[in-house]
Amino acid sequence: MKSRSFSRRDFLKTASSIGMVTALEGIPVDLFASEGKLVRFPEKTDLILLTSRPPQLETPKHFFKELITPNEALFVRWHIANIPTSVDLQTWRIKVGGNTERSFELSMDDLKGLPKVSYTAVIQCAGNGRSLFEPRVPGGQWGNGAMGNVTWGGARLKDILAKAGVKGDSVEVSFNGLDSGPLPTVPDLVKALPVDKALEEDIIIAYEMNGKPLTMLNGFPARLVVPGWYASYWVKALSDVTVLSKPLETFWMNPAYRIPANPCACVPPGTNPGKTVPINRMDTRSLIIEPSQGNRLPMGKEVTISGLAFSGGYGIKDVVVSVDGGKTWKEAKLGKDLGKYSWVLWSLPWRPSQKGKYTLMARATDSIGESQPLDSLWNPAGYMRNNIEKVDVTVG
Ligand SMILES: Nc1nc2c(c(=O)[nH]1)N[C@H]1C(S)=C(S)[C@@H](COP(=O)(O)O)O[C@H]1N2
Ligand SMILES: [Mo]
């Protein structure tokens, strides 16, 4: 079981036992990508460009002041270049079958005919914050804009699998989308969930985001939503749901999207893990949104330190904030609670009374006690960043 609920003492114990070093101590780094290279794709507002083919677009920081991320601002990430640019609902179907009693095809009307479920859930790429890894790692160099908080609406995967009749010896359920590699040598993105996970109540095939149809770039007409788990499983433009009697062995399951098989999902920087497991539930995070790295604040005037926090499906119990580099902490006020999969906005008023440099930090704890380590944990793919981030400001 993955656990990153470190106290500092626990962390230091782990760190010294595996010979970890704390890198870049004291060097200020902006937690969010600069908004230098903005691009506008169909149905989208100006987003930060990582790559255009396949599209990888990051949400600018100011949207993270909001409880809900607008559809036009949600980040975009595709792995392979041939992505659907239009889908005809007259002919589009999801094929359901494999190791099942029955196989069938679902149209959009069929999906909408099933009981509708909706909830708000954070979608976050496993590589969110990867550009901050030290030493650096290859892969999409996201700042922290590969996340969003969206109200999803759709049909339960469980209801669909029940209609198909999952056979007793099934081990996984795989998901494929309409995108394909530009060359036969580029592996198609197919992901699989363990069968027990796939049958959980809250996993849906979503056809709505924030009450509207999905945008094409976010997976129109329908996508899998696995709340609490990293978005690599949230297969977009879904075309096939296949029940398997043997584990899926594709590139995107192995070697891609695996993490070190230990409680911190980490290894000493620069080394390779021995045993790995598929990435799964998100860890607990909090991010300071305001003020920003390097801001100059007036002395003696009240400012509000604010940000967001979320966990891997257990809600947020509290967020504590430090203005003195972690020596003392104060509890922030939490905003509206949209449920255990949603992020929560938090704030803390602060009136700095002395000139100088201050290091702001925020630390969230979820309802099962999972929190954030003080120092960054490293793995070679740059996944699951969740250490307590620092924002340096100057007063006066
Ligand atoms: N069909 C398909 N689904 C996909 C992917 C993809 O490349 N193809 N990428 C996954 C990854 S790694 C992420 S982070 C999310 C991104 O979702 P978004 O583009 O809606 O933000 O989609 C997931 N689903
Ligand atoms: Mo991702």
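Okay, here's what the table says:
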| read-out | value |
| --- | --- |
| Qualifying position, being in contact with a strand residue (DSSP E or B) (Cβ under 7 Å, 6 or more places away or on another chain), more than 24 Å from K61 (Cβ to Cβ) and open to solvent by 20 Å² or more (accessible area, probe 1.4 Å), among Y358, Y314 | Y314 |
| From L178, L214, residue being of a type outside the set (G, A, S), farther than 20 Å from G127 by Cβ and open to solvent by less than 50 Å² (accessible area, probe 1.4 Å) | L214 |
| Lone unmet requirement of (1) buried (at least 23 other Cβ atoms within 10 Å of the Cβ); (2) in contact with a Lys or Arg (Cβ under 8 Å, 6 or more places away or on another chain) for G153 | (1) |
| Selection within the range 162-175 - open to solvent by less than 20 Å² (accessible area, probe 1.4 Å) and within 24 Å of the chain's Cα centre (by Cα) | V173, S174, F175 |
| Filter result for G270 (touching a residue at least 12 places away in the same chain (Cβ under 8 Å), outside the structural domain of Y383 (by TED's automatic domain parsing) and on the phi > 0 side of the Ramachandran plot) | yes |
| Single residue of the range 182-211 satisfying the filter (among the aliphatic types (A, V, I, L, M) and open to solvent by 30 Å² or more (accessible area, probe 1.4 Å)) that is nearest to ligand 2 (Cβ to nearest atom) | V186 |
| Filter result (at pLDDT 95 or above, among the aliphatic types (A, V, I, L, M) and not in a strand (DSSP E or B)) within the range 156-186 | L157, I160, L161, A162, A164, V171, L178 |
| Elements of type strands (runs of 3 or more DSSP E) in the range 290-396, at least 3 residues being within 30 Å of W152 (Cα to Cα) | 303-310, 316-322, 344-350, 356-366 |
| Residue within the range 240-257 that is out of contact with any strand residue (DSSP E or B) (no Cβ under 9 Å at 6 or more places or on another chain) and away from ligand 1 (no atom under 16 Å from the Cβ) present | yes |
| Some residue of the range 206-214 being within 13 Å of ligand 1 (Cβ to nearest atom) and in a helix (DSSP H, G or I) | no |
| Subset of the range 129-139 that is more than 16 Å from ligand 1 (Cβ to nearest atom) and outside any helix (DSSP H, G or I) - its residue that is nearest to the chain's Cα centre (by Cα) | F133 |
| Qualifying strands (runs of 3 or more DSSP E) (wholly inside the range 17-128; at least 1 residues being at pLDDT 95 or above, within 15 Å of ligand 1 (Cβ to nearest atom) and open to solvent by 70 Å² or more (accessible area, probe 1.4 Å)) | 94-98 |
| Counted residues, the range 230-240 - those being away from ligand 2 (no atom under 11 Å from the Cβ) and farther than 18 Å from L106 by Cα | 0 |
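The values are calculated or read from the model by the stated rules, or taken from the named source; none is laboratory data. Quick caveat, the model's predicted, so the values are computed rather than measured. No Cβ is skipped: glycine too gets one built from the backbone with ideal geometry, and neighbour counts run over all protein chains shown. Calculation scope for accessible area: heavy atoms of the full protein, side chains included, ligands and nucleic acids excluded. Shrake-Rupley method; radii C 1.70, N 1.55, O 1.52, S 1.80 Å.
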